[in-house]
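What follows is a short report on a single structure.
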Amino acid sequence: MKHQTQKTALCPACNDSEISYFLKKNDYSFDCCKNCEFLFLNPMPNQTILNKIYTEEDTKAKDGYKKASSRLRRAFIKLPRFLPYAINKKCLDFGCGGGFVAYALSFIAKSSNGVDINAKAVAYAKRRFRFVNYFCADFTELIKSEDQYDFVHSSELIEHVSDINLYMKVLEKLVKKNGYLYITTPDLGHPKVPDNIKEWDVLCPPIHVQHFTKKTVSMLFSRYGFQIVKFYKNKKPGLIFLSKKF
Ligand SMILES: [Zn+2]
């Protein structure tokens, strides 16, 4: 099929060959890796298709931005958590959407930056917030960039990307040595995930194309020079962790 990459025989997260069919939802087929617990679409839709879905999803609101006021409030509530790693540092929100987290970070950072593939979202952020450098770029552009950051925030993006290794290579490039990376994504290993996983509303291909457990991210991030220093407690089935680039 034109809109899908070829089926892989190796786990994209850990390169192991112990992958097998797991389940089907919305006509998309998931494989699971025995070695690292990664759950991923196989075959995987290509990034062009995913970008289109993602862009439509986030800018559905006619005027302004979907759930703007609650996104802004939550960004400021989270700020104390970022303080030790972001204060007086060069910060980036990777997948910044409407710019809320980058704006909150601008109050503590030396410089705050936000990048997204969604031009509409970046335009909204630029109109609404000052003192932040918002820009539009995709992974292939970012990987060529010379800019590096002390603190990179990337929330609810990793479950959307077609090429997980390209995303990781971009992160490896963007984070300075001894810098910190804060990631959030749905938690496949959380006790609140339904026993019949098909009932989990977060399992929604092709909007989300892959899912992780603590084990998956520990193995994947270490392959790219990141050591996970902290998993944050979460009552909801969301994986939140901080890693350090060594
Ligand atoms: Zn694996």
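The values are calculated or read from the model by the stated rules, or taken from the named source; none is laboratory data. From a predicted model like this one, the values you see are computed outputs, not experimental measurements. Note: ideal-geometry Cβ built from the backbone for every residue, glycine included; neighbour counts use all protein chains shown. All accessible areas refer to the heavy atoms of the entire protein, side chains included, with ligands and DNA or RNA removed. Shrake-Rupley method; radii C 1.70, N 1.55, O 1.52, S 1.80 Å.
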Considering only protein heavy atoms, what per residue accessible area in square angstrom results for the chain with a 1.4 angstrom probe? 50 Å²
Could you check the spin-label model distance between Thr8 and Arg71? Points 7 Å from the Cα along Cα→Cβ, value in nm. 2.8 nm
Based on the Cβ-Cβ distance of Ser145 and Ser111, what FRET efficiency does E = 1/(1 + (r/R0)^6) give at R0 = 22 Å, to the nearest 0.05? 0.90
Quick check of the Kirkwood formula: for the stretch 184-246, what is the inverse mean of 1/r over all pairs of different Cα atoms, in Å? 12.5 Å
Listed pairs Lys176/Lys235; Lys169/Lys192; Lys126/Lys230; Lys34/Lys144; Lys90/Lys244; Lys7/Lys245 exceeding 27 Å between Cα atoms: Lys176/Lys235; Lys169/Lys192; Lys126/Lys230; Lys34/Lys144; Lys7/Lys245
Quick one: work out the % antiparallel among DSSP beta bridges in the stretch 46-245, nearest 5. 40 percent
Springs between alpha-carbon atoms under 10 Å, Gaussian network over the chain: tell me which of Leu181, Leu83, Leu39 tops the mean-square fluctuations. Leu83
The stretch 150-230: which trypsin sites (Lys or Arg not before Pro) are DSSP loop and have at most 12 other beta-carbon atoms within 10 angstrom? Lys192
What value, in deg cm²/dmol to 500, does the helix sum -39500 (n - 2.57) over DSSP H runs of n ≥ 4 give at 222 nm once divided by the residues of the chain? -8500 deg cm²/dmol
Extended-chain gain in nm, criterion 0.36 nm per residue less alpha-carbon gap, Leu166 and Lys230: 20.7 nm
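So what is the diffusion coefficient of the stretch 161-202 in µm² per second by Stokes-Einstein at 25 °C and 0.890 mPa s, using a Kirkwood Rh over Cα pairs? Mind dumping the intermediate values first?
On the way: Rh = 13.0 Å.
Estimated via Stokes-Einstein, D reaches 189 µm²/s.
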Helix by helix, which DSSP H runs in the chain go 24 Å or more along their axis at the Cα atoms and have an average Kyte-Doolittle hydropathy of -0.5 or more? 68-86
Based solely on C-alpha atoms, express the radius of gyration and the Dmax of the chain in angstrom. 17.4, 49
Kindly point out, ordered by number, any Cys in the chain whose beta-carbon has no other cysteine beta-carbon under 4.7 Å away. Cys32, Cys91, Cys96, Cys136, Cys204
Please give, to one decimal in nm, the separation of the simple spin-label points placed at Glu156 and Lys24, each 7 Å out from Cα toward the Cβ. 3.0 nm
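Per the Kirkwood definition applied to all pairs of different Cα atoms, how many angstroms is the hydrodynamic radius of the stretch 130-246? Provide the component values of the computation, followed by the final result.
Working: mean 1/r = 0.0660 Å⁻¹.
After inverting the pairwise mean of 1/r, the radius is 15.2 Å.
If you roll a 1.4 Å probe over the chain with all protein chains in place, what percent of the accessible area is carbon or sulfur?
Details: 6420 of 12380 Å².
For the chain, the apolar C and S fraction of the accessible surface comes to 52 percent.
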